[in-house]
Each structure stands twice: as structure tokens, then as C-alpha cells.
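Report on the structure given below.
The values are calculated or read from the model by the stated rules, or taken from the named source; none is laboratory data. Since the structure is predicted, the reported quantities are computational estimates derived from the model, not experimental observations. Please note: Cβ atoms are built from the backbone with ideal geometry, for glycine as well, and neighbour counts cover all protein chains shown. Heavy atoms of the whole protein, side chains included, go into the accessibility calculation; ligands, DNA and RNA do not. Shrake-Rupley method; radii C 1.70, N 1.55, O 1.52, S 1.80 Å.
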Amino acid sequence: MPSLCRDCLTPFETARRCPACASPRVTSHPELWDLSIAHMDCDAFYASVEKRDNPDLRDKPVIVGGGRRGVVTTACYIARIRGVRSAMPMFQALRLCPEAVIVKPRFEVYSAVSRQVRAMMDELTPVVEPLSLDEAFMDLTGTARLHGAPPAVMLSRLVRRMQSEIGITGSIGLSHNKFLAKIASDLDKPRGFSIIGRAETDAFLGDKPVSLIWGVGQVTRDALDRAGIRTFADLLRWDERDLQARFGGMGTRLWHLARGQDARRVTAHAPVKGISNETTFGEDTADPDLLDGHIWRLADKVSGRAKAKGMAGGVVTLKLKRANHKILTRRLTLSDPTQIADRIYRTARALFDPVAGQGPFRLLGVGLSDLVPAAGADMSGDLLDPLAGARARAERATDAIRARWGDDAIVKGRALR
């Protein structure tokens, strides 16, 4: 069976260890040299960057996220062993792992590292489709002649370079379509390399839960459960027309995915649709001062990510989840795109004021969409707010100071609420 050493990149026939370097990190598969659709996912990306930059954290459980009332953005694998997961309320994470070190997110740093990884992927193929800062699809079809090696070798070389040159690790999923490649990348994390071939697709999916389907949230899972659909084998028993009648357009997608079929192409330069941040409160709250502080912090995070990406947005969105789990969404289209935290905050706050009395709330989110390149953004000013330009200039100056002296060099008073 074709095999590859992921440490020294030596190809060989089946063996438990590499015959060249004796490494046990061997990938073997009948279709190893034939598959070309990949998904690369950095391992606990934000936490890995923090450990890279602070060696004292190397052997400690690290949680990247907000304060005690915030949520977990990323947890390292040491913390995950204790049950900590992304999007978990911070108080719950600390209950599971009280010795964890909490680190505030540094999105500008993560974006810079992401660009380094992206540059390495671009060297392998022009067809790279990023999903977020830490993961992307790649189509390496036809690149073997260019590189003198099949995609599996080049993907192993990629993650080896990421570790040696950037200091972070990643996991690879390799298959014959995007759906299966993404599933494969989660099978053996961290530092994994997993393959789902054409011949084994049906057998692999059969007993797997439908929760593996990317984009199927809790509401859809509950609907599937009520229909008696819990595994891919359950889906196979349904006729396509019956799935369509019960689940609409989603039914057609489910019918194809149950058979491992995904006709979506890997699309290079797919536009980023929006930037958002949200926080879940440890206790439901209607405190206007507390909520105002959260609106500012979320707006500041969204602004930071927009600036790091060189983007500006024309629509500001406010998301609220009430105590009864009902979601309220309000959005406003701006006169021109922005990436300024002050403007995002003031717009979100204006959206919040009319619904403030409908609390208490358990979740708050701020988003920026209709993204465009930032060149020329925030240039027209605001005739109704003559001080907006001065605040924007002050914010740019603050950004420069933070870039040199750290995020805590200047903190707005409202951020302390």
C-alpha cells in the first residue's frame, strides 16, 4: 500500500515506521497518490500562537477569550482534555479547568500569522479557499507535474514548514471533495493527516452521526432527530423527494451528502462576507451600563479584525438573544463603509436603544458586513456628527500606540464597564 513519512517525506510501501528515519508518523492509503482536494485546519490556532509567543505557557492549559462573563474563543488541547470547548461560557470553562491561563485575543497577531500560512498555501496551488483565519480548502489537481510530487507529499511539506518556520501546527484532510476533506481534517487532531478515499466513502459514512455535516446546527439536528434521522445510514433510507418535502432545499443537499457527493468546487479568492463577534453572559442581564460596555468591546474587536484584513463594511448588525432564547437582529446600512470602532459602536448602540427594554439578554453580538477594501473608507465624514472625524483620527493614533506598546497601553473608560 502506498505510504508516506510525514517527518522526512519519504514515500515507500506499507510499514509501521519510516524505513529512512524510523518515524512512526506514517500515512498509508490505497488512494494516497490519487486524491487532490484538501482541507487544512490549524490546531487550536489562537492558543498555539499564544504558546509560541510565550514559552512559559507551553505546558499549561490556555484559554483565549474574554473575562469571566465572556466566552471561550479557543482552548488549547490541554484544556480540551478537561472538557473546555470553543463558545463555552467562561465561567463554565473555569469550573472545568480552574488552573487555566486566560489570555485576551490578539486578532492583529493572528491575522498576521494567518497571512504567513496563506502565503505557503499559495505556493502549492492558486486554488485556495480560506474559510477563516485558521482553515482553508485547497485544490491541488494537476500540481504534481509542477512540484514533482503528488499532493499528499506537498501537503505534508506544508504542515512541516508551518511548524518549523512559523511555530504552529496544522492537520490535513485529503479526499475527493470538500465535504469529505473537511471531515477528514478533524479525524486525527492535532498534527493529523487523514484520508477518505472514493472506494471507502459509503462504508466510512454509514454509521457516522449527521452532526458531522458542516453547517448543520442544533435546530436542524433536532428536526432530523424528530424524523428518525441520526446517522448517514438513516438518511440513505429516505427518497430524495421525501427529504425535499420535509426539509426543503436542505433535503436535496442531505440526500447527496449521505452518498458522499459534493459538487462544490474549491473557489479561490472567495469574498469574506462579514466580520462579527459575540459574547454569551454567565447570567442574563438587562443592565444598560454593562451592555453598553459589551457593545463597545465587541465593536472594538470587529474593528480590529477589519483593520487587520484591510476591509471596511457598509452594514452594522446588532444581535441579541433574550432569556427565552428568542433572537433579535437589527441592522443599519451606513452612508459609506467604515472600519472605525467608534462608528461601529455608535451605530450598534443606536440599534440597541429601541430594544433595550426587551431584556434581560443572554447573548450580545456586533457584526460588520457588505465588506469592501478599506482604501477610501471613512473619508466622507458625518454632517450630523462634526466630531466624528476627530474621534476617527484619535482612534488611528491609539492604534499606532497599541501596535508599539501593546493592547493595554490605552483603554477606553467604557471598556471597563
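Data overview
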| item | result |
| --- | --- |
| Efficiency of FRET between ASP284 and ARG221 - r from beta-carbon atoms, R0 22 angstrom, step 0.05 | 0.35 |
| Test item: Cα-centred dipole of the stretch 165-268, Lys/Arg +1 and Asp/Glu -1 on Cβ, debye | 220 |
| Cα long-axis angle, helix 249-258 against the chain (0 to 90 degrees, to the nearest 10) | 30 |
| FRET efficiency, 1/(1 + (r/R0)^6) with R0 35 Å, evaluated for ALA15 and ARG118 via beta carbons | 0.55 |
| Table column - 3J(HN,Hα) (Hz), the stretch 233-246, Karplus curve with 6.51, -1.76, 1.60, x for Gly and Pro | 4, 4, 5, 5, 7, 9, 6, 4, 5, 5, 5, 4, 5, 8 |
| Choice from TRP296, TRP214, TRP33 showing the highest fluctuation, given a GNM over the chain with Cα pairs closer than 10 Å | TRP214 |
| Estimated distance in nm for a label pair at HIS147 and ALA233, the labels positioned 7 Å out from Cα along Cα-to-Cβ | 3.7 |
| Carbon + sulfur, % of accessible area of the stretch 268-363 - ligands and nucleic acids excluded, 1.4 Å | 49 |
| Between 0 and 90°, nearest 10: helix 107-124 axis offset from the chain longest Cα axis | 30 |
| Helix-only CD estimate at 222 nm, as mean residue ellipticity for the chain, using -39500 (n - 2.57) per DSSP H run (n ≥ 4) | -10500 deg cm²/dmol |
| For peptides 126-135, 38-47, 196-205, sequence by mean Cβ density within 10 Å, most packed first | 38-47, 126-135, 196-205 |
| Across the chain: Cys residues that no other cysteine approaches within a C-beta distance under 4.7 Å | CYS42, CYS76, CYS97 |
| For the chain, accessible area per residue (1.4 Å probe, heavy atoms of protein chains only), Å² | 49 |
| Whole-number Å³ per residue for the convex hull built on Cα positions in the stretch 223-364 | 171 |
| Dipole moment magnitude, nearest 20 debye, the chain about Cα centre, only Lys, Arg, Asp, Glu C-beta charged | 500 |
| Selected from ALA22, ALA100, ALA75 as most flexible by GNM, with the chain as the system and alpha-carbon contacts under 10 Å | ALA22 |
| Built amide H within the under 5 Å cut-off of VAL101, gap 5+ | VAL62, ILE63 |
| Vicinal HN-Hα couplings computed from phi for the stretch 324-331 (Karplus, 6.51 cos²θ - 1.76 cosθ + 1.60; Hz; Gly/Pro x) | 8, 6, 6, 9, 10, 10, 10, 9 |
| Label-point gap, in nm, between SER164 and HIS256 - each point 7 angstrom along Cα→Cβ | 4.0 |
| Extension reserve of the VAL109-TRP33 stretch, reckoned as 0.36 nm per residue once the Cα distance is removed | 23.8 nm |
| Length-normalised contact order for the chain - Cα pairs under 8 Å, 6+ apart - percent | 13 |
| Once the Cα gyration tensor of the stretch 278-341 is diagonalised, semi-axes √(5λ) in Å | 24, 14, 10 |
| Residues whose placed amide H lies under 5 Å from that of GLY70, excluding near-sequence neighbours | MET90 |
| Percent accessible area from carbon and sulfur atoms, the stretch 1-149, protein chains only, probe 1.4 Å | 53 |
| Shape metrics for the stretch 108-193, restricted to C-alpha atoms - Rg then Dmax, Å | 12.3, 37 |
| Protein accessible area in the stretch 177-228, 1.4 Å probe - carbon and sulfur % | 49 |
| In Å, descending, principal axis extents of the Cα set of the chain | 70, 53, 45 |
| Relative contact order, percent, the stretch 45-105 [alpha-carbon distance under 8 Å, six or more residues apart] | 35 |
| Furthest towards positive pole of dipole, PRO126, PRO55, CYS21, structure part the stretch 1-129, Cβ charges | PRO55 |
| Cα-projected label distance for GLN358 with ALA263, points at 7 Å along beta-carbon direction, nm | 4.0 |
| Gap separating the Cα centres of the stretch 2-61 and the stretch 222-280, nearest whole Å | 30 |
| The chain: angle of helix 151-161 to the longest principal axis, Cα-based, in degrees nearest 10 | 50 |
